[in-house]
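One structure is given here, and the rest of the page talks about it.
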Ligand SMILES: Cc1ncc(C[n+]2csc(CCOP(=O)(O)OP(=O)(O)O)c2C)c(N)n1
Ligand code: SF4
Ligand code: SF4
Ligand code: SF4
Ligand SMILES: [Mg+2]
């Protein structure tokens, strides 16, 4: 192994680190995997939300591995909600606070309501509840979808947000069929944004970009009304790589243009950091092979599979009017394409 | 023997498939001796998490009734061999909250064998392994821990070497001949046979008398009765500034990050990227590590921008979870000596992956 | 002026007996009135016949400013029940409801509401389960939660619906209980017909039901707790045992609350658990739940007039099940007929759920009556006085014949009681050329 150079890697995080609130509201003693980036997302989320916050979480790793065996790592009040219930738990909690405050049954104050879910519970099963939550402008709430790209807690099965071709417990690679996961990953923040014009804020971020993530969570919590933040979190168990690489894989997914850092604040779409530089043509995307080849879940990929993957990523950057966000490449007003 | 169990204690996920192969093949081999058996994946370990200590068992019996009794347990009794797939596990295992850190040989039957894959000597290991009130055996199979992934199996022969070693230390449970016969019936029979023999021949066993070994500080937990629990499935949150009192996670660690504070540029990256909230600020702007909470993922070491500033060092050479910045504050040279000493004992740091 | 508008502009309650004012309203509207009086904080609705008019009534009252609450139109029953559960966890008095397959759709959320020990109240407008998509009453929907820690009640009239809603919150929110309660109401007969109902005044209601206080379980930043952490075999039994204890204590609490209710609202004292009609010296009895009680009592009056010693028992609280009451009432009875408006295919005697429960309740009695199972009124089929007479007749017959295990009879079903060819798997329809 080549000796590493003594340089500060050119990571977003290094350039933008300011003074973080030191206090942890999600703290040590969670039974998550070594290198679990979803746990890091919980930490960032709690840190930036602060103590006047209520958190509900759906069944999944961030339930079973956190409040594990009748113990808890949460300093914030936290409650379990059912796998498909992130949206409804947020609505129920927020509605109750609103009613009780209006009627003077509890003191009137700003209390953050966050419901988290993952790609399985949120992106598949609970999608209807996310939709309902994004519509109801009466209630202040944030849905945070931590996307570890599988039904992880049940030992890694494919969800609608598992990347194309990845091996999971339900989509193995076999002697007859190399690829058995045929669905291209769905883009939940874009889907919610496109269909819910009353949602106040939608964002996509990554566990590898702590400041970006925290800024987005903070922005969401400061809005009145429904908001949604999705984070892309490497999962060393399900993706099968050495946990040490967690942070770098998260960054690499952005460098490859697979994960896109963007948000939409009241209809204004913005790209951040590396993704912004990529959109502006100032930074070349890394080949996706760099990312895919480092993970056991893609170990079965033939070169043609990598090529296919790359071609889909290229298409979403080169042909879409909103690169990496919405697949619109043609409008009544003429052809699109971000860069001509 | 009417029934005996082999306990495979391993690192969750990394060695799950390894443990699965060993437990199953041992039972298949025992069939060559007209014995019956089954395997038990300890259900409480599921879902397994990377690195967290887990167990699987082979249960081998002479008669059906003895087997039936064991197959309805989470952890079978009469464990005649505890095979430890990674020697840092000998420091104790905390698989869940509430139960605390349990000795690696907690359930070893009197006279049974603790078989450890290790490069260390019996003396070194006995500094880590708690004493028992009865005599037992320590067996060492020289080697490195074999780590694989959930999807990619590390087929390096550790499975068959371990089985060979088991047949040496518990030949009346399953013999080398049976293992060889079983291996011959499958693929790569010759290679497997070689590995079985290698394990059988290279394992070294040492009798350990009652009372010999490290201090046993383990206290069994007392669980509250139903009238003592809060109703409605409610437990108190962690007071702000504290950590989960019931689960610590440090036995998940095979290596720990050791910081060369003199090299630190105080960039905060380690603190920022740690998923286990281990970093504690010092007045100087360094980041101390609460080892009690550290699971040894290595993200901090991999992400620290200064070469050689955070290094991952074999956990077996440490005997305390105390944060180390205090030593550094007191005397920088002394700290550097300590650091060098640990690195030397560990045979150097675990290599950094380089910057991608 | 609509019924609901009248409710709030109603005359001040007279001081003495029968406080409040009178209205002619459906069972659903009666529940809505109770919810207004109870100052419920959060309600979540999802449309399904026949319970949904309670939500229409409530949303109208909110729109008119007669009630101050958050009303959420959920996107499924599962969400509806989860919303109710989470609102209750924050300390809001919550109300939900459903029917038939809707109740089933949210089953997961119902189960956790009970295990979290949250006093959410639900109205079930009993409805047949799909398929076919029938609207009529069957009790199987509400019965599906019978083992999960829900308190269950079947009402007979709109007045009882209103009264029981008050009682349900009082009992469910009692510290000793803290369990959800489903109030069942026969589809059509109570949900879509209007009864004369006395609506009490708010002041008396608030004296009867104190404010909801979740104590140290309240989900609020001032009370940092983790709610429902994951655990396994070394804790689950203890948690279940606590729910069991709560259900046991519910009996005492129901007793107290009912006595208080009678005192405060000036109603005649009656047994909290069962509605026993002319059972004093009865030799035969019919047992049922819900609106069959109305015809049951008429049938009893007719038979009594004809000199027969017959009574009727309506089971009100199904959970906790009124075992002591039934044992006492049936101790000296010779024969009992159970009128199940539900089915439990493949169960003992191929009868219904009530039959299974009643026979189990009577088991420790040294002298047990003959118990004859009946299935009647499925899918909303009417159960008439004549049906009741027919069943009583049958009970007498099997009792006289000394049949210890009478065959379950389907009352009012078209076609023969049984057909040997059909039992053997043949289809007589094709053999005979069939009707259609
Ligand atoms: C209704 C229901 N179906 C299935 C399950 C089993 N289950 C528990 S966790 C889980 C995985 C959830 O996946 P995801 O939402 O992506 O969360 P993750 O485990 O990845 O954190 C499943 C399927 C459940 N708890 N509830
Ligand atoms: S399986 Fe993945 S998401 Fe779950 S705890 Fe492990 S690393 Fe985290
Ligand atoms: S990452 Fe390295 S250089 Fe930066 S603060 Fe941590 S130890 Fe110091
Ligand atoms: S190895 Fe580093 S990043 Fe990982 S848990 Fe320990 S201190 Fe945190
Ligand atoms: Mg997931």
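Within the stretch A:19-41, residues that are touching a residue at least 60 places away in the same chain (Cβ under 8 Å) have Cβ atoms under 6 Å from residues that are within 16 Å of ligand 3 (Cβ to nearest atom) and assigned to a loop (DSSP other than H, G, I, E, B) in these pairs: A:34/B:297; A:35/B:297; A:36/B:275; A:40/B:275, counting only partners at least 6 apart in sequence or on another chain.
Looking only at residues of the stretch B:267-302 that are more than 11 Å from ligand 4 (Cβ to nearest atom) and facing another protein chain (nearest Cβ under 9 Å), we find that the one that is farthest from residue B:348 (Cα to Cα) is B:281. Is it the case that residue C:124 is assigned by TED's automatic domain parsing to the domain that holds residue C:98 and over 20 Å from residue C:292 (Cβ atoms)? It is false that residue C:124 is assigned by TED's automatic domain parsing to the domain that holds residue C:98 and over 20 Å from residue C:292 (Cβ atoms). Do we find a residue being part of a strand (DSSP E or B), touching a residue at least 24 places away in the same chain (Cβ under 8 Å) and either within 11 Å of ligand 3 (Cβ to nearest atom) or facing another protein chain (nearest Cβ under 9 Å) (or both) anywhere in the stretch B:303-310? Among the residues of the stretch B:303-310, at least one is part of a strand (DSSP E or B), touching a residue at least 24 places away in the same chain (Cβ under 8 Å) and either within 11 Å of ligand 3 (Cβ to nearest atom) or facing another protein chain (nearest Cβ under 9 Å) (or both), which makes the answer yes.
Among the conditions (1) more than 10 Å from chain A (Cβ to nearest Cβ); (2) closer than 30 Å to residue C:220 by Cβ; (3) at pLDDT below 95, the only one that residue B:241 does not satisfy is (1). Selection of strands (runs of 3 or more DSSP E) fully inside the stretch C:270-322 by the criterion of at least 3 residues being within 18 Å of residue C:139 (Cα to Cα) returns C:284-288, C:310-315, C:317-319. Only residues that are more than 14 Å from chain B (Cβ to nearest Cβ), within 21 Å of residue C:92 (Cβ to Cβ) and over 15 Å from the mean Cα position of the chain (by Cα) were counted across the stretch C:113-134, and they come to 0.
Here's the yes/no breakdown for (1) within 15 Å of ligand 1 (Cβ to nearest atom); (2) farther than 23 Å from residue B:52 by Cβ; (3) modelled with pLDDT under 95:
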position	(1), (2), (3)
A:61	yes, no, no
A:68	yes, no, yes
A:72	no, no, no
A:88	yes, yes, no
A:111	no, yes, no
A:120	yes, no, no
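Applying the criterion of being in contact with a helix residue (DSSP H, G or I) (Cβ under 6 Å, 6 or more places away or on another chain) and not in a loop (DSSP other than H, G, I, E, B) to the residues of the stretch B:54-82, the residue that is nearest to the other protein chains (Cβ to nearest Cβ) is B:54. Taking the conditions (1) under 30 Å from residue B:121 (Cβ atoms); (2) more than 15 Å from ligand 3 (Cβ to nearest atom); (3) at pLDDT below 95 in turn, residue B:356 satisfies each one other than (1).
Residue check: is residue B:316 in a helix (DSSP H, G or I), more than 11 Å from chain A (Cβ to nearest Cβ) and within 21 Å of residue B:350 (Cβ to Cβ)?
When the stated conditions are applied, residue B:316 passes them.
Might you check whether a residue that is assigned to a strand (DSSP E or B), away from chain A (no Cβ under 14 Å) and within 25 Å of the chain's Cα centre (by Cα) occurs anywhere in the stretch C:199-208?
Yes, that holds for at least one residue.
Per this entry, residue C:34 is not counted among residues that are away from chain A (no Cβ under 14 Å) and without any contact (Cβ under 8 Å) to a residue 24 or more places away in the chain. Listed by first and then second residue, the pairs linking a residue in the stretch A:194-213 that is free of Cβ contacts under 8 Å to residues at least 24 places away in the same chain to a residue that is outside any loop (DSSP other than H, G, I, E, B) and surrounded by 24 or more Cβ atoms within 10 Å (Cβ to Cβ), with Cβ atoms under 6 Å apart and 6 or more places separating them unless they lie on different chains, form an empty list. Filtering A:238, A:281 for residues that are crowded, with 18+ Cβ neighbours inside 10 Å and either in contact (Cβ under 8 Å) with a residue 40 or more places away in the chain or within 16 Å of ligand 1 (Cβ to nearest atom) (or both) leaves a single hit, A:238.
Look through the stretch A:45-54, keep the residues that are buried (at least 24 other Cβ atoms within 10 Å of the Cβ) and away from ligand 5 (no atom under 16 Å from the Cβ), and return whichever of them is farthest from residue A:217 (Cα to Cα). Result: A:54. Every test in (1) in contact (Cβ under 8 Å) with a residue 12 or more places away in the chain; (2) within 14 Å of chain A (Cβ to nearest Cβ) is passed by residue C:257 save one, and that test is (2).
Of the residues in the stretch B:68-81, at least one is under 16 Å from the mean Cα position of the chain (by Cα) and either within 16 Å of ligand 3 (Cβ to nearest atom) or buried (at least 22 other Cβ atoms within 10 Å of the Cβ) (or both). Note on the stretch B:155-191: residues that are surrounded by fewer than 16 Cβ atoms within 10 Å (Cβ to Cβ) and not in a helix (DSSP H, G or I) amount to 8. Can you find even one residue in the stretch B:213-229 that is within 16 Å of ligand 4 (Cβ to nearest atom) and either assigned to a helix (DSSP H, G or I) or under 30 Å from residue B:137 (Cα atoms) (or both)? No, because not a single residue in the stretch B:213-229 is within 16 Å of ligand 4 (Cβ to nearest atom) and either assigned to a helix (DSSP H, G or I) or under 30 Å from residue B:137 (Cα atoms) (or both).
The values are calculated or read from the model by the stated rules, or taken from the named source; none is laboratory data. All of these numbers come straight from a predicted model, not from anything done at the bench. Every residue, glycine as well, gets a Cβ built from its backbone with ideal geometry; the counts of neighbours run over all protein chains shown.
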